[in-house]
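Take a look at the structure set out below.
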Amino acid sequence: MPPDYSARPVVMLERWQVEAEGAVLGSVTKYEIRDSKGPLQFFRVTDQNGRWLGHATAKGRFSRRVPFQEEEQDLGLLAMERGVAQLFEATATVQLKPVPTEADWRRQPKLQQDKR
């Protein structure tokens, strides 16, 4: 039986700002796919301009997005800070600072409509 590729709702659950040596590098966002077989959670790592650097599973498997290729580069199982640092190619320790999702209204269309 072929895989089910039908559309499913995806919601943002949490978000962190990534910093190293006082500079903001980008963000980590936790998403949940609302699947009928159960929720699937994953993390997307983006730079300051919103470009995808990679992903992480809920179990900590990191992958780097490689432009113009179908497959992502597997980085292995890593702790969150270490995996994020590898995606940013940061030489310094990175810190993840929580960002209230309500404050990030640009990434939540329903909240954006309420603010107008």
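All of the numbers you see were taken from the coordinates with simple rules; none came from a lab. Bear in mind the structure is a predicted one, so any value in this text is a computation, not a measurement. Cβ placement follows ideal geometry from the backbone for every residue including glycine, while neighbour counts extend to all protein chains displayed.
Worth a mention:
- Set side by side, the residues E32, E81 differ, and just one is surrounded by 13 or more Cβ atoms within 10 Å (Cβ to Cβ), touching a strand residue (DSSP E or B) at 6+ places or on another chain (Cβ under 8 Å), of a type in the set (D, E) and not in a strand (DSSP E or B), which is E81.
- Subset of region 35-78 [assigned to a strand (DSSP E or B), surrounded by fewer than 17 Cβ atoms within 10 Å (Cβ to Cβ) and charged (D, E, K, R)]: D47, R61, D74
- The one condition in (1) more than 17 Å from R82 (Cα to Cα); (2) of a type in the set (S, T, Y); (3) within 12 Å of the chain's Cα centre (by Cα) that T29 fails to fulfil: (1)
- Number of positions in region 1-22 that are farther than 17 Å from Q86 by Cβ and either of a type in the set (A, V, I, L, M) or touching a helix residue (DSSP H, G or I) at 6+ places or on another chain (Cβ under 9 Å) (or both): 8
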